[in-house]
Amino acid sequence: MKLDPVFIWTAFVQLLSAIPTTLAITVVSVFCGFIIGTITALSRLYRIPVLSQISTGYVTFIRGTPMLTHLLLIYFGLPMLVDGLSAQLGLGWNSAKIPMIAFAFISFSITAGAYMSEVVRSGLLAVDRGQIEAAWAVGMTTPQALRRIVFPQALAASLPNLSNSLIGMLHGSTLAFTVSVVDLNAKAQIVASTNWKFFEAYLAVALIFWGLTVLIERITGAIERRINLFRRGGVA
Amino acid sequence: MEYGFDITYVFEFIPKLLDTLNITLFIVAGAIALGLFVGFLVALPRLYHIPVLQNISKIYVSFFRGTPILIQLFLFYYGLPEILKLVAIDLSKAPVLLFVILTFGLHTGAYVSENIRAAVLAVNRGQVEAAYAVGMTGYQAFTRIVLPQALAIAVPVFSNLVLAMVKDTSLAFTLGVMEMTGKAQTLGSLTQRYMETFVALAIIYLIICVTLERVLLIAERRLNRHNNRDQETRSWFKNRKRASLNQLTRELNLDKKEVPRYEA
(Lines give C-alpha, C1' and ligand atoms only; values in the text may rest on other atoms or scores of the structure.)
Protein backbone atom coordinates (compact mmCIF):
# COMPACT_ATOMS: atom_id res chain seq x y z
CA MET A 1 0.00 0.00 0.00
CA LYS A 2 1.47 3.30 -1.09
CA LEU A 3 0.40 6.85 -0.53
CA ASP A 4 -1.73 7.92 -3.46
CA PRO A 5 -1.83 11.73 -3.72
CA VAL A 6 -4.33 11.69 -6.57
CA PHE A 7 -6.82 9.79 -4.47
CA ILE A 8 -6.79 12.55 -1.85
CA TRP A 9 -8.34 14.79 -4.48
CA THR A 10 -10.83 12.10 -5.56
CA ALA A 11 -11.85 11.55 -1.95
CA PHE A 12 -12.07 15.30 -1.44
CA VAL A 13 -14.55 15.66 -4.28
CA GLN A 14 -16.62 12.72 -3.09
CA LEU A 15 -16.67 14.07 0.45
CA LEU A 16 -18.08 17.42 -0.61
CA SER A 17 -21.54 15.87 -0.83
CA ALA A 18 -21.53 15.20 2.91
CA ILE A 19 -20.69 18.75 3.95
CA PRO A 20 -24.35 19.91 4.09
CA THR A 21 -25.20 17.16 6.61
CA THR A 22 -22.33 18.10 8.86
CA LEU A 23 -23.17 21.80 8.63
CA ALA A 24 -26.85 21.10 9.26
CA ILE A 25 -26.05 19.17 12.43
CA THR A 26 -23.70 21.90 13.57
CA VAL A 27 -25.99 24.82 12.86
CA VAL A 28 -29.12 23.19 14.27
CA SER A 29 -27.39 22.10 17.45
CA VAL A 30 -25.73 25.47 18.00
CA PHE A 31 -28.96 27.35 17.32
CA CYS A 32 -31.10 25.18 19.60
CA GLY A 33 -28.26 25.10 22.11
CA PHE A 34 -28.16 28.87 22.17
CA ILE A 35 -31.86 29.06 23.00
CA ILE A 36 -31.56 26.39 25.70
CA GLY A 37 -28.41 28.06 26.98
CA THR A 38 -30.03 31.49 27.21
CA ILE A 39 -32.99 30.10 29.14
CA THR A 40 -30.81 28.17 31.58
CA ALA A 41 -28.33 31.02 31.98
CA LEU A 42 -31.05 33.57 32.73
CA SER A 43 -32.80 31.27 35.17
CA ARG A 44 -29.50 30.70 36.95
CA LEU A 45 -28.57 34.38 37.03
CA TYR A 46 -31.97 35.47 38.32
CA ARG A 47 -32.11 32.49 40.67
CA ILE A 48 -35.60 31.47 39.68
CA PRO A 49 -36.51 28.90 42.37
CA VAL A 50 -36.97 25.52 40.71
CA LEU A 51 -35.66 26.30 37.25
CA SER A 52 -32.25 27.41 38.45
CA GLN A 53 -31.62 24.17 40.34
CA ILE A 54 -32.70 22.13 37.33
CA SER A 55 -30.46 24.25 35.10
CA THR A 56 -27.46 23.82 37.38
CA GLY A 57 -27.97 20.07 37.49
CA TYR A 58 -28.40 19.94 33.72
CA VAL A 59 -25.27 21.96 33.04
CA THR A 60 -23.20 19.95 35.53
CA PHE A 61 -24.38 16.63 34.17
CA ILE A 62 -23.85 17.49 30.52
CA ARG A 63 -20.47 19.11 31.07
CA GLY A 64 -19.35 16.19 33.18
CA THR A 65 -20.14 13.47 30.69
CA PRO A 66 -18.85 12.90 27.15
CA MET A 67 -20.89 13.99 24.18
CA LEU A 68 -20.87 10.41 22.97
CA THR A 69 -22.77 9.30 26.07
CA HIS A 70 -25.48 11.88 25.44
CA LEU A 71 -25.84 10.66 21.90
CA LEU A 72 -26.05 7.02 22.95
CA LEU A 73 -28.47 7.80 25.79
CA ILE A 74 -30.76 9.69 23.42
CA TYR A 75 -30.37 7.05 20.73
CA PHE A 76 -31.45 4.23 23.02
CA GLY A 77 -33.58 6.19 25.47
CA LEU A 78 -35.74 8.27 23.18
CA PRO A 79 -37.32 5.34 21.31
CA MET A 80 -38.14 3.75 24.68
CA LEU A 81 -39.80 6.95 25.79
CA VAL A 82 -41.69 7.49 22.55
CA ASP A 83 -42.88 3.89 22.31
CA GLY A 84 -43.82 3.82 25.97
CA LEU A 85 -45.79 7.03 25.65
CA SER A 86 -47.60 5.94 22.53
CA ALA A 87 -48.43 2.56 24.05
CA GLN A 88 -49.75 4.20 27.18
CA LEU A 89 -51.76 6.91 25.49
CA GLY A 90 -52.57 5.01 22.31
CA LEU A 91 -51.14 7.70 20.06
CA GLY A 92 -49.95 5.29 17.42
CA TRP A 93 -46.47 6.77 17.32
CA ASN A 94 -43.60 4.61 16.34
CA SER A 95 -40.00 5.25 17.19
CA ALA A 96 -38.90 3.64 13.94
CA LYS A 97 -40.31 6.67 12.13
CA ILE A 98 -37.79 8.99 13.77
CA PRO A 99 -35.07 9.75 11.21
CA MET A 100 -31.55 8.99 12.38
CA ILE A 101 -30.43 12.57 12.01
CA ALA A 102 -33.09 13.66 14.52
CA PHE A 103 -31.23 11.79 17.25
CA ALA A 104 -28.11 13.72 16.38
CA PHE A 105 -30.04 17.01 16.34
CA ILE A 106 -31.68 16.40 19.71
CA SER A 107 -28.67 15.05 21.51
CA PHE A 108 -26.21 17.63 20.19
CA SER A 109 -28.65 20.44 20.95
CA ILE A 110 -28.79 19.23 24.55
CA THR A 111 -25.00 19.06 24.66
CA ALA A 112 -24.56 22.47 23.08
CA GLY A 113 -27.17 23.95 25.43
CA ALA A 114 -25.09 23.25 28.50
CA TYR A 115 -21.93 24.70 27.00
CA MET A 116 -23.85 27.67 25.58
CA SER A 117 -25.33 28.32 28.98
CA GLU A 118 -21.87 29.03 30.33
CA VAL A 119 -21.04 31.17 27.31
CA VAL A 120 -24.19 33.25 27.71
CA ARG A 121 -23.68 33.52 31.46
CA SER A 122 -20.13 34.78 31.18
CA GLY A 123 -21.19 37.19 28.44
CA LEU A 124 -23.97 38.65 30.58
CA LEU A 125 -21.69 38.90 33.59
CA ALA A 126 -19.12 40.74 31.51
CA VAL A 127 -21.49 43.69 31.10
CA ASP A 128 -20.88 46.36 33.68
CA ARG A 129 -23.67 46.94 36.17
CA GLY A 130 -23.51 50.68 35.49
CA GLN A 131 -24.88 50.01 32.01
CA ILE A 132 -28.21 48.67 33.19
CA GLU A 133 -28.40 51.33 35.90
CA ALA A 134 -27.85 54.01 33.27
CA ALA A 135 -30.59 52.43 31.16
CA TRP A 136 -32.97 52.58 34.11
CA ALA A 137 -31.88 56.14 34.76
CA VAL A 138 -33.03 57.24 31.32
CA GLY A 139 -36.35 55.54 31.96
CA MET A 140 -36.10 52.17 30.21
CA THR A 141 -37.95 49.22 31.64
CA THR A 142 -35.87 46.18 32.54
CA PRO A 143 -36.81 44.17 29.41
CA GLN A 144 -35.95 47.21 27.30
CA ALA A 145 -32.66 47.64 29.12
CA LEU A 146 -31.82 43.97 28.68
CA ARG A 147 -32.74 43.96 25.01
CA ARG A 148 -31.24 47.29 23.99
CA ILE A 149 -28.28 47.67 26.31
CA VAL A 150 -27.21 44.43 27.95
CA PHE A 151 -27.72 41.82 25.22
CA PRO A 152 -25.79 43.62 22.44
CA GLN A 153 -22.81 44.15 24.72
CA ALA A 154 -23.02 40.62 26.06
CA LEU A 155 -23.09 39.30 22.50
CA ALA A 156 -19.97 41.26 21.64
CA ALA A 157 -18.23 40.03 24.76
CA SER A 158 -19.13 36.40 24.18
CA LEU A 159 -18.44 36.26 20.45
CA PRO A 160 -15.05 34.53 20.81
CA ASN A 161 -16.65 31.93 23.07
CA LEU A 162 -19.53 31.51 20.65
CA SER A 163 -17.15 30.87 17.80
CA ASN A 164 -15.30 28.34 19.94
CA SER A 165 -18.57 26.58 20.70
CA LEU A 166 -19.48 26.57 17.03
CA ILE A 167 -16.14 25.01 16.16
CA GLY A 168 -16.53 22.56 19.04
CA MET A 169 -19.90 21.46 17.74
CA LEU A 170 -18.56 21.22 14.19
CA HIS A 171 -15.90 18.87 15.49
CA GLY A 172 -18.37 17.09 17.73
CA SER A 173 -20.70 16.43 14.83
CA THR A 174 -18.26 13.75 13.68
CA LEU A 175 -19.77 11.55 16.39
CA ALA A 176 -23.00 11.34 14.41
CA PHE A 177 -21.54 8.39 12.52
CA THR A 178 -22.19 6.20 15.59
CA VAL A 179 -25.94 6.49 14.94
CA SER A 180 -25.44 5.88 11.22
CA VAL A 181 -25.88 9.41 9.98
CA VAL A 182 -23.77 9.92 6.88
CA ASP A 183 -21.87 13.04 7.82
CA LEU A 184 -18.35 13.91 6.69
CA ASN A 185 -16.75 11.34 8.96
CA ALA A 186 -19.06 8.51 7.95
CA LYS A 187 -18.65 9.45 4.31
CA ALA A 188 -14.88 9.33 4.74
CA GLN A 189 -15.18 5.86 6.22
CA ILE A 190 -17.32 4.76 3.30
CA VAL A 191 -14.93 6.23 0.74
CA ALA A 192 -11.97 4.77 2.59
CA SER A 193 -13.27 1.26 2.94
CA THR A 194 -14.67 1.00 -0.60
CA ASN A 195 -11.33 2.02 -2.07
CA TRP A 196 -9.18 0.56 0.70
CA LYS A 197 -7.35 3.85 1.02
CA PHE A 198 -7.86 4.91 4.61
CA PHE A 199 -5.05 7.38 5.03
CA GLU A 200 -5.88 9.39 1.93
CA ALA A 201 -9.57 9.58 2.73
CA TYR A 202 -8.99 10.73 6.29
CA LEU A 203 -6.41 13.23 5.11
CA ALA A 204 -8.99 14.68 2.75
CA VAL A 205 -11.63 14.91 5.46
CA ALA A 206 -9.11 16.46 7.85
CA LEU A 207 -8.35 19.10 5.23
CA ILE A 208 -12.04 19.85 4.83
CA PHE A 209 -12.52 20.26 8.57
CA TRP A 210 -9.42 22.37 8.79
CA GLY A 211 -10.71 24.61 6.03
CA LEU A 212 -14.14 24.92 7.64
CA THR A 213 -12.60 25.78 10.99
CA VAL A 214 -10.31 28.42 9.57
CA LEU A 215 -13.29 29.85 7.66
CA ILE A 216 -15.36 30.09 10.85
CA GLU A 217 -12.45 31.72 12.66
CA ARG A 218 -11.99 34.28 9.89
CA ILE A 219 -15.70 35.11 9.70
CA THR A 220 -16.09 35.55 13.43
CA GLY A 221 -12.89 37.59 13.48
CA ALA A 222 -14.44 39.96 10.96
CA ILE A 223 -17.73 40.12 12.87
CA GLU A 224 -15.83 40.72 16.07
CA ARG A 225 -14.04 43.70 14.61
CA ARG A 226 -17.33 45.10 13.32
CA ILE A 227 -19.27 44.48 16.52
CA ASN A 228 -16.55 45.95 18.74
CA LEU A 229 -16.42 49.22 16.79
CA PHE A 230 -18.18 51.02 19.64
CA ARG A 231 -15.31 50.20 21.93
CA ARG A 232 -12.70 52.24 20.10
CA GLY A 233 -11.24 55.09 22.06
CA GLY A 234 -10.29 58.56 20.88
CA VAL A 235 -12.50 61.36 19.68
CA ALA A 236 -13.25 60.64 16.04
CA MET B 1 -37.61 -2.68 22.86
CA GLU B 2 -40.31 -3.82 25.22
CA TYR B 3 -38.39 -3.62 28.45
CA GLY B 4 -38.69 -0.89 31.02
CA PHE B 5 -35.88 0.92 32.69
CA ASP B 6 -34.52 -1.15 35.58
CA ILE B 7 -32.39 0.80 38.02
CA THR B 8 -30.89 -2.33 39.61
CA TYR B 9 -28.98 -3.01 36.41
CA VAL B 10 -27.31 0.38 36.68
CA PHE B 11 -25.82 -0.57 40.03
CA GLU B 12 -24.86 -3.95 38.67
CA PHE B 13 -23.08 -2.42 35.69
CA ILE B 14 -21.12 0.25 37.55
CA PRO B 15 -18.55 -2.18 39.09
CA LYS B 16 -18.19 -3.93 35.73
CA LEU B 17 -17.43 -0.65 34.01
CA LEU B 18 -15.07 0.38 36.77
CA ASP B 19 -12.88 -2.56 35.82
CA THR B 20 -11.86 -0.64 32.70
CA LEU B 21 -11.45 2.66 34.50
CA ASN B 22 -7.71 2.15 34.70
CA ILE B 23 -7.42 2.10 30.91
CA THR B 24 -9.36 5.33 30.63
CA LEU B 25 -7.21 6.97 33.28
CA PHE B 26 -4.07 5.56 31.67
CA ILE B 27 -5.01 7.19 28.38
CA VAL B 28 -5.71 10.47 30.15
CA ALA B 29 -2.44 10.41 32.08
CA GLY B 30 -0.38 9.42 29.03
CA ALA B 31 -2.02 12.03 26.84
CA ILE B 32 -1.63 14.80 29.40
CA ALA B 33 2.02 13.93 30.03
CA LEU B 34 2.78 13.82 26.32
CA GLY B 35 0.66 16.92 25.77
CA LEU B 36 2.54 18.93 28.38
CA PHE B 37 5.86 17.94 26.88
CA VAL B 38 4.81 18.64 23.29
CA GLY B 39 2.95 21.78 24.26
CA PHE B 40 5.97 23.21 25.97
CA LEU B 41 8.19 22.41 22.99
CA VAL B 42 5.71 23.96 20.59
CA ALA B 43 5.11 27.07 22.67
CA LEU B 44 8.80 27.98 23.04
CA PRO B 45 9.53 28.91 19.39
CA ARG B 46 6.54 31.23 19.34
CA LEU B 47 7.43 32.85 22.65
CA TYR B 48 11.01 33.50 21.59
CA HIS B 49 10.14 34.26 17.94
CA ILE B 50 12.46 31.70 16.35
CA PRO B 51 12.12 32.20 12.57
CA VAL B 52 11.15 28.93 10.86
CA LEU B 53 10.15 26.86 13.89
CA GLN B 54 7.64 29.54 14.78
CA ASN B 55 5.73 28.95 11.55
CA ILE B 56 5.87 25.20 11.95
CA SER B 57 4.42 25.40 15.43
CA LYS B 58 1.71 27.76 14.15
CA ILE B 59 0.68 25.23 11.51
CA TYR B 60 0.83 22.40 14.04
CA VAL B 61 -1.46 24.21 16.44
CA SER B 62 -3.81 25.29 13.67
CA PHE B 63 -4.10 21.75 12.34
CA PHE B 64 -4.72 20.05 15.67
CA ARG B 65 -7.19 22.67 16.77
CA GLY B 66 -8.83 22.82 13.37
CA THR B 67 -9.68 19.17 12.88
CA PRO B 68 -11.92 16.96 14.99
CA ILE B 69 -10.11 14.65 17.38
CA LEU B 70 -11.99 11.69 15.95
CA ILE B 71 -10.58 12.38 12.47
CA GLN B 72 -7.09 12.75 13.93
CA LEU B 73 -7.52 9.42 15.64
CA PHE B 74 -8.33 7.66 12.38
CA LEU B 75 -5.68 9.62 10.52
CA PHE B 76 -2.94 8.52 12.88
CA TYR B 77 -4.20 4.99 13.23
CA TYR B 78 -4.23 4.39 9.49
CA GLY B 79 -1.63 6.90 8.36
CA LEU B 80 1.25 6.57 10.78
CA PRO B 81 2.13 2.94 9.99
CA GLU B 82 2.18 3.78 6.28
CA ILE B 83 4.40 6.79 6.71
CA LEU B 84 6.78 4.97 9.04
CA LYS B 85 6.92 2.08 6.61
CA LEU B 86 8.79 4.41 4.27
CA VAL B 87 11.61 4.66 6.80
CA ALA B 88 11.47 0.93 7.47
CA ILE B 89 9.78 1.00 10.87
CA ASP B 90 7.10 -1.63 11.22
CA LEU B 91 4.19 -0.48 13.37
CA SER B 92 1.67 -3.08 12.30
CA LYS B 93 2.18 -4.98 15.54
CA ALA B 94 2.05 -1.91 17.76
CA PRO B 95 -0.80 -1.83 20.27
CA VAL B 96 -3.78 0.38 19.45
CA LEU B 97 -3.40 2.12 22.80
CA LEU B 98 -0.13 3.59 21.52
CA PHE B 99 -1.88 5.35 18.65
CA VAL B 100 -4.64 6.55 20.93
CA ILE B 101 -2.23 8.07 23.45
CA LEU B 102 -0.08 9.54 20.70
CA THR B 103 -3.04 11.21 18.99
CA PHE B 104 -4.59 12.48 22.20
CA GLY B 105 -1.18 13.66 23.36
CA LEU B 106 -0.52 15.62 20.18
CA HIS B 107 -4.07 16.97 20.28
CA THR B 108 -3.71 18.22 23.86
CA GLY B 109 -0.21 19.41 23.01
CA ALA B 110 -1.67 21.98 20.61
CA TYR B 111 -4.08 23.27 23.25
CA VAL B 112 -1.45 23.19 25.99
CA SER B 113 0.94 25.21 23.85
CA GLU B 114 -1.69 27.90 23.37
CA ASN B 115 -2.38 27.76 27.09
CA ILE B 116 1.28 28.18 27.98
CA ARG B 117 1.71 30.96 25.46
CA ALA B 118 -1.28 32.89 26.71
CA ALA B 119 -0.20 32.47 30.33
CA VAL B 120 3.36 33.61 29.75
CA LEU B 121 2.22 36.55 27.66
CA ALA B 122 -0.22 37.51 30.41
CA VAL B 123 2.59 38.07 32.88
CA ASN B 124 3.44 41.73 32.90
CA ARG B 125 6.64 42.54 31.07
CA GLY B 126 7.67 44.80 33.94
CA GLN B 127 7.96 41.72 36.14
CA VAL B 128 10.76 40.30 34.02
CA GLU B 129 12.43 43.66 33.77
CA ALA B 130 12.27 44.10 37.53
CA ALA B 131 13.80 40.65 37.94
CA TYR B 132 16.63 41.63 35.61
CA ALA B 133 17.03 44.91 37.48
CA VAL B 134 17.69 43.10 40.76
CA GLY B 135 20.32 41.05 38.98
CA MET B 136 18.60 37.75 38.18
CA THR B 137 19.71 35.78 35.15
CA GLY B 138 17.24 34.94 32.41
CA TYR B 139 16.71 31.45 33.80
CA GLN B 140 16.23 32.71 37.34
CA ALA B 141 13.78 35.35 36.19
CA PHE B 142 11.77 32.71 34.35
CA THR B 143 11.65 30.10 37.10
CA ARG B 144 11.26 32.46 40.05
CA ILE B 145 9.13 35.26 38.67
CA VAL B 146 7.38 34.36 35.43
CA LEU B 147 6.63 30.67 36.00
CA PRO B 148 4.74 30.96 39.32
CA GLN B 149 2.58 33.74 37.94
CA ALA B 150 2.04 32.05 34.59
CA LEU B 151 1.14 28.81 36.35
CA ALA B 152 -1.59 30.51 38.31
CA ILE B 153 -3.01 31.95 35.09
CA ALA B 154 -2.71 28.68 33.19
CA VAL B 155 -4.30 26.34 35.72
CA PRO B 156 -8.00 27.12 35.09
CA VAL B 157 -7.62 26.52 31.36
CA PHE B 158 -5.44 23.51 31.99
CA SER B 159 -8.03 21.91 34.25
CA ASN B 160 -10.57 22.39 31.48
CA LEU B 161 -8.17 20.62 29.14
CA VAL B 162 -7.81 17.70 31.53
CA LEU B 163 -11.57 17.38 31.88
CA ALA B 164 -12.02 17.57 28.11
CA MET B 165 -9.41 14.85 27.76
CA VAL B 166 -11.28 12.58 30.18
CA LYS B 167 -14.39 12.97 28.08
CA ASP B 168 -12.52 12.56 24.80
CA THR B 169 -11.17 9.17 25.86
CA SER B 170 -14.67 7.87 25.13
CA LEU B 171 -13.72 8.15 21.45
CA ALA B 172 -11.01 5.54 21.80
CA PHE B 173 -13.62 2.82 21.48
CA THR B 174 -13.89 3.62 17.75
CA LEU B 175 -10.47 2.02 17.32
CA GLY B 176 -11.50 -0.96 19.40
CA VAL B 177 -9.80 -0.01 22.64
CA MET B 178 -11.60 -1.62 25.56
CA GLU B 179 -11.92 1.46 27.73
CA MET B 180 -15.08 2.41 29.56
CA THR B 181 -17.22 3.37 26.60
CA GLY B 182 -16.09 0.35 24.62
CA LYS B 183 -16.87 -1.85 27.60
CA ALA B 184 -20.28 -0.22 27.92
CA GLN B 185 -21.05 -0.92 24.27
CA THR B 186 -20.17 -4.59 24.68
CA LEU B 187 -22.03 -4.85 27.95
CA GLY B 188 -25.06 -3.23 26.33
CA SER B 189 -25.16 -5.54 23.36
CA LEU B 190 -24.48 -8.55 25.57
CA THR B 191 -27.34 -7.88 27.97
CA GLN B 192 -29.55 -5.81 25.64
CA ARG B 193 -29.78 -3.29 28.47
CA TYR B 194 -28.37 -0.31 26.61
CA MET B 195 -30.12 2.40 28.56
CA GLU B 196 -28.91 1.11 31.91
CA THR B 197 -25.31 0.67 30.76
CA PHE B 198 -25.12 4.16 29.37
CA VAL B 199 -26.68 5.67 32.47
CA ALA B 200 -24.07 3.82 34.54
CA LEU B 201 -21.38 5.07 32.17
CA ALA B 202 -22.60 8.65 32.45
CA ILE B 203 -22.64 8.41 36.25
CA ILE B 204 -19.03 7.21 36.32
CA TYR B 205 -17.85 9.94 33.97
CA LEU B 206 -19.74 12.51 35.99
CA ILE B 207 -18.13 11.40 39.24
CA ILE B 208 -14.65 11.41 37.70
CA CYS B 209 -15.14 14.85 36.22
CA VAL B 210 -16.61 16.40 39.35
CA THR B 211 -13.83 14.94 41.51
CA LEU B 212 -11.12 16.11 39.14
CA GLU B 213 -12.70 19.53 38.95
CA ARG B 214 -12.67 19.85 42.74
CA VAL B 215 -9.05 18.75 42.99
CA LEU B 216 -7.94 21.15 40.28
CA LEU B 217 -9.93 23.95 41.88
CA ILE B 218 -7.96 23.47 45.08
CA ALA B 219 -4.73 23.74 43.10
CA GLU B 220 -6.06 26.84 41.40
CA ARG B 221 -6.92 28.53 44.70
CA ARG B 222 -3.56 27.61 46.14
CA LEU B 223 -1.72 29.10 43.17
CA ASN B 224 -3.87 32.21 43.04
CA ARG B 225 -3.49 33.25 46.65
CA HIS B 226 -1.38 36.25 45.73
CA ASN B 227 -4.23 37.61 43.62
CA ASN B 228 -6.87 37.56 46.32
CA ARG B 229 -7.19 41.27 46.75
CA ASP B 230 -10.32 43.28 46.26
CA GLN B 231 -11.07 43.39 42.60
CA GLU B 232 -13.10 46.20 41.19
CA THR B 233 -15.52 44.17 39.14
CA ARG B 234 -18.95 45.65 39.03
CA SER B 235 -21.10 43.29 37.13
CA TRP B 236 -24.79 43.91 36.91
CA PHE B 237 -25.51 40.47 38.31
CA LYS B 238 -22.75 39.74 40.76
CA ASN B 239 -22.87 40.07 44.50
CA ARG B 240 -26.59 39.73 44.83
CA LYS B 241 -28.05 36.93 46.80
CA ARG B 242 -31.34 36.74 44.98
CA ALA B 243 -32.34 39.29 42.45
CA SER B 244 -35.62 39.19 40.66
CA LEU B 245 -36.34 41.81 38.06
CA ASN B 246 -38.39 43.82 40.55
CA GLN B 247 -35.83 43.61 43.28
CA LEU B 248 -33.12 44.78 40.94
CA THR B 249 -35.09 47.94 40.29
CA ARG B 250 -35.89 48.42 43.95
CA GLU B 251 -32.34 47.96 45.08
CA LEU B 252 -31.09 50.94 43.21
CA ASN B 253 -30.35 52.98 46.33
CA LEU B 254 -26.68 53.51 45.98
CA ASP B 255 -25.76 54.14 49.61
CA LYS B 256 -26.07 50.41 50.22
CA LYS B 257 -22.59 49.17 49.37
CA GLU B 258 -22.22 45.59 48.43
CA VAL B 259 -19.70 43.35 50.07
CA PRO B 260 -17.58 41.63 47.43
CA ARG B 261 -18.28 37.95 47.37
CA TYR B 262 -16.03 35.55 45.56
CA GLU B 263 -17.60 32.88 43.47
CA ALA B 264 -16.94 29.37 44.56
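I'd like to check something: does the range A:72-79 contain any residue that is of a type in the set (Phe, Trp, Tyr) and either in contact with a Gly (Cβ under 9 Å, 6 or more places away or on another chain) or at pLDDT 90 or above (or both)? Checking the range A:72-79: at least one residue is of a type in the set (Phe, Trp, Tyr) and either in contact with a Gly (Cβ under 9 Å, 6 or more places away or on another chain) or at pLDDT 90 or above (or both).
Output the number of the condition that B:Ala118 fails; it satisfies all remaining conditions of (1) touching a helix residue (DSSP H, G or I) at 6+ places or on another chain (Cβ under 6 Å); (2) touching a residue at least 24 places away in the same chain (Cβ under 8 Å); (3) among the small types (Gly, Ala, Ser). Condition (1) is where B:Ala118 drops out.
Would you confirm whether any residue within the range A:87-100 is farther than 19 Å from B:Phe5 by Cβ, part of a helix (DSSP H, G or I) and away from chain B (no Cβ under 13 Å)? Yes, there is a match, as at least one residue in the range A:87-100 is farther than 19 Å from B:Phe5 by Cβ, part of a helix (DSSP H, G or I) and away from chain B (no Cβ under 13 Å).
Given the structure, is B:Gly135 under 23 Å from the mean Cα position of the chain (by Cα) and either modelled with pLDDT of 90 or more or closer than 30 Å to A:Phe61 by Cβ (or both)? Considered against the rule, which asks whether it is under 23 Å from the mean Cα position of the chain (by Cα) and either modelled with pLDDT of 90 or more or closer than 30 Å to A:Phe61 by Cβ (or both), B:Gly135 comes out as no.
Taking the conditions exactly as written (without any contact (Cβ under 8 Å) to a residue 12 or more places away in the chain, facing chain A (nearest Cβ under 8 Å) and under 25 Å from B:Gly105 (Cβ atoms)), does B:Val215 satisfy them or not? No.
Among the conditions (1) more than 19 Å from A:Thr22 (Cα to Cα); (2) modelled with pLDDT under 85, A:Ile98 misses just one, which is (1).
The residues of the range B:32-67 that are more than 15 Å from the chain's Cα centre (by Cα) and within 14 Å of chain A (Cβ to nearest Cβ), listed by number, are B:Lys58, B:Ile59, B:Tyr60, B:Val61, B:Ser62, B:Phe63, B:Gly66, B:Thr67. Taken over the range A:136-153, the criterion of being within 10 Å of chain B (Cβ to nearest Cβ), surrounded by 15 or more Cβ atoms within 10 Å (Cβ to Cβ) and aliphatic (A, V, I, L, M) is satisfied by A:Ala145, A:Leu146, A:Ile149, A:Val150.
For (1) at pLDDT below 90; (2) in a helix (DSSP H, G or I); (3) β-branched (Val, Ile, Thr); (4) out of contact with any strand residue (DSSP E or B) (no Cβ under 8 Å at 6 or more places or on another chain), each residue gets a yes or a no:
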residue	(1), (2), (3), (4)
B:Leu53	no, yes, no, yes
B:Ile56	no, yes, yes, yes
B:Leu73	no, yes, no, yes
B:Tyr78	yes, yes, no, yes
B:Ile89	yes, no, yes, yes
B:Ala94	yes, no, no, yes
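Quick grid of which residues meet (1) acidic (Asp, Glu); (2) surrounded by fewer than 20 Cβ atoms within 10 Å (Cβ to Cβ); (3) touching a His at 6+ places or on another chain (Cβ under 7 Å); (4) closer than 17 Å to A:Val181 by Cβ:
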| site | (1), (2), (3), (4) |
| --- | --- |
| A:Val6 | no, yes, no, no |
| A:Ser29 | no, no, no, yes |
| A:Ile35 | no, yes, no, no |
| A:Thr40 | no, no, no, no |
| A:Arg44 | no, no, no, no |
| A:Thr60 | no, yes, no, no |
| A:Leu68 | no, no, no, yes |
| A:Leu72 | no, no, no, yes |
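Note on the range A:169-208: residues that are more than 26 Å from A:Ile98 (Cα to Cα) and either at pLDDT 90 or above or within 11 Å of chain B (Cβ to nearest Cβ) (or both) amount to 15. Taking each residue of the range B:60-75 that is touching a residue at least 24 places away in the same chain (Cβ under 8 Å) and looking for partners that are in a helix (DSSP H, G or I) and of a type in the set (D, E, K, R) with beta-carbon atoms closer than 6 Å, six or more apart or interchain, yields B:Ile69/B:Asp168. Counting only helices (runs of 4 or more DSSP H) wholly contained in the range A:1-86, the ones carrying 3 or more residues that are of a type outside the set (A, V, I, L, M) and within 12 Å of chain B (Cβ to nearest Cβ) occupy A:19-45, A:49-64.
The residue that is surrounded by the fewest Cβ atoms within 10 Å (Cβ to Cβ), among those in the range B:81-109 that are within 9 Å of chain A (Cβ to nearest Cβ) and out of contact with any Ser or Thr (no Cβ under 9 Å at 6 or more places or on another chain), is B:Leu86.
Within the range B:178-194, work out how many residues are touching a residue at least 12 places away in the same chain (Cβ under 8 Å) and in contact with a Phe, Trp or Tyr (Cβ under 9 Å, 6 or more places away or on another chain). Write out each step before concluding.
Of all residues in the range B:178-194, those touching a residue at least 12 places away in the same chain (Cβ under 8 Å) come to B:178-185, B:187, B:191-193.
Okay, now just the ones that are also in contact with a Phe, Trp or Tyr (Cβ under 9 Å, 6 or more places away or on another chain), so B:179-185, B:187, B:191-193.
Summing the residues that are touching a residue at least 12 places away in the same chain (Cβ under 8 Å) and in contact with a Phe, Trp or Tyr (Cβ under 9 Å, 6 or more places away or on another chain) in the range B:178-194 gives 11.
The values are calculated or read from the model by the stated rules, or taken from the named source; none is laboratory data. A quick note: this is a predicted structure, and the numbers were derived from the prediction, not measured. Please note: Cβ atoms are built from the backbone with ideal geometry, for glycine as well, and neighbour counts cover all protein chains shown.
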